[in-house]
Amino acid sequence: MAILDTVRALAEEIGPRGSTTDTERKAAGYLTERLSGLNLDPQTQSFQSALSAYHPFALAMGVTLLSVVLFWQTQPVGAVAALALAATVLVSLIQEMRFRPNLLRWMLPIEDSQNVYARIAPREEATRSVVITAHYDSHRTPLVFSSAGWMKVFGLLTPIGIGSIAVLAGLYLIGLFLPIDLRPGTGIGMFTGLAQILRFVSLIPAVLVLLVFGLMWQADRSPYSPGANDNASGVAVALALAERAQAEPFARTELIIAFTGCEEVGCYGADALLATFKAERAERIHFTIDQVGGAGDDPGIVRGERFLVSAASDPGLLAIADAVIAAHPDLKAGTRTLSGAYGELSLGVKHGYKSIALGAFSPTGDPGEWHRPTDTVGRVDAAVLARSEELAWLLLRGIDGAPGAG
């Protein structure tokens, strides 16, 4: 099957593939059939995932607004309760952005999803495993991704939201140490003049929190993207690599071709998959492929990404990638460091893999149709897909031929 036909099958025949939805499960069935057609033995790994990338942030902002209400209540009880809520939300939100368990996750609904993977053995005894991941679910199409201007706003949302919660927690903490007047004969605490000022000051970050809450609410009610470039393109390249590896096996590198679910809501699929494989072999490498076919883009190796914390690609793998790029100028490939968004590279680093990521990027920095209704097959370029596949193949060949690669 032509590589662009795979993109078409996922984005058009199956359509938008929201995390944990029936169409995501249908896509998993399609990928199982494709791997079987390559004479591989596909396996399905079940896991549970959140339903939305925006639920945790909406919940965090909602609880923070409740803390503001409590701060206006009888003191000091109100300030104590407000501080407890704000501190809990702040810690939980930071943990969520680090892909770690937290109270927000425990309070939100979860559903079943699945990863699909297959192994390709090398010609000789394997000395390393390369886990190739490409997520097959697609994102929603929120207002914050609808234009360049809104995306700049989105880039500020995380620091604004976290910063506002931190400011509120600081105000609550100060409020605990202010003197309290008592109503005569009642013993009920009342704010002094300075404490009353703190109440009104708290409304400023509360307005910002309310704005973030509203944008999260809208995002979670937007339709799903067709997900042609993000990430049917990555899936198509991974399938093409599987077919080539079957025809031209590597010498001593086992490939695990994995299609992960629920990347768009917090990389739950990659988290479950990489946790399973990390104890199998001493030298384990994670290679993730995402958004590699946008019209006008050029293939690129991701040197690192930063959402809340930074996740860097492995220096040894980057050295191999740099050598491949230098030796093949016809690929028009480069490297890039990403910020303000997460991908499965972060999960490979989290689980201790030597990790690297492949994408395709506009020379002008244009994000293309990322998380938009226009992420359709018509915006995917077969030539870009072909160059991305070749770069991935050459990188894998370099890893296989380099003792101690990575």
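Read-outs: derived from the displayed coordinates by stated rules, not from any lab. In this text, all values refer to a predicted model and were calculated from it rather than measured experimentally. Every residue, glycine as well, gets a Cβ built from its backbone with ideal geometry; the counts of neighbours run over all protein chains shown.
Quick look at the numbers
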read-out: Within the chain, helix-based [θ] at 222 nm, where runs of 4 or more DSSP H residues each add -39,500 (n - 2.57), nearest 500; value: -15000 deg cm²/dmol
read-out: Gain in span if fully extended, PHE177 to ALA341, counting 0.36 nm per residue against the direct Cα distance; value: 55.2 nm
read-out: Total formal charge among the other residues, if their Cβ is under 10 angstrom from that of LEU308, Lys/Arg +1 and Asp/Glu -1; value: +1
read-out: Principal axes of segment 67-183: Cα extent on each, largest first, Å; value: 83, 37, 26
read-out: Over segment 105-153: Rg over Rh, Cα atoms, Kirkwood Rh; value: 1.20
read-out: Taking PHE99, PHE200 and counting other C-beta atoms within 10 Å, the order from fewest to most; value: PHE200, PHE99
read-out: Whole-Hz couplings from phi, Karplus 6.51/-1.76/1.60, listed for segment 112-124; x for Gly and Pro; value: 7, 9, 7, 9, 10, 8, 8, 9, 10, 6, x, 5, 10
read-out: Nonlocal amide H pairs with HIS286, under 5 Å, H built at 1.01 Å; value: VAL131, LYS354, SER355, ILE356
read-out: Hull-based mean projected area of segment 303-354, where the convex hull spans the alpha carbons, in square nanometres; value: 3.7
read-out: Centre separation in Å (Cα based) which lies between segment 227-302 and segment 1-55; value: 13
read-out: Percentage of interatomic Cα-Cα distances in segment 275-325 larger than 17 Å; value: 54
read-out: Residue order, fewest to most beta carbons within 10 Å, for SER222, SER19, SER339; value: SER339, SER222, SER19
read-out: Whether segment 235-345 is rounded, prolate or oblate, judged on the alpha carbon gyration tensor where a/c under 1.5 counts as rounded; value: rounded
read-out: SER138 long-range amide H proximity, modeled H, under 5 Å; value: ARG17, GLY18, SER19
read-out: Net charge over other residues, Cβ less than 9 angstrom from the Cβ of GLY269 (K, R count +1; D, E count -1); value: -4
read-out: Length-normalised contact order of the chain in % [C-alpha pairs under 8 Å, at least 6 apart]; value: 24
read-out: Whole-Hz ³J(HN,Hα) from phi, Karplus 6.51 cos²θ - 1.76 cosθ + 1.60, for segment 32-39, glycine and proline x; value: 4, 5, 5, 5, 4, x, 8, 6
read-out: DSSP-defined beta bridges in the chain - what % are antiparallel, rounded to 5; value: 50
read-out: Share of alpha-carbon pairs per 5 Å distance bin for segment 297-404, given as whole %; value: 2, 12, 21, 22, 21, 14, 7, 1, 0
read-out: For segment 374-382, Karplus couplings with θ = phi - 60° (6.51, -1.76, 1.60), whole Hz, Gly/Pro x; value: 7, 7, 10, 4, x, 9, 10, 9, 4
read-out: Pair-distance profile P(r), taking every C-alpha pair of the chain, with 10 angstrom steps and integer %; value: 5, 22, 29, 21, 11, 7, 4, 1, 0
read-out: For the chain, the longest site-free run once GluC sites (Glu not before Pro) in DSSP loop states with at most 12 other Cβ atoms within 10 Å are removed; value: 126-279
read-out: Relative contact order [Cα under 8 Å, 6+ residues apart], segment 246-314, whole percent; value: 11
read-out: Set of lysines with alpha-carbon distance to LYS350 below 19 Å, sequence-local pairs under 8 removed; value: LYS278
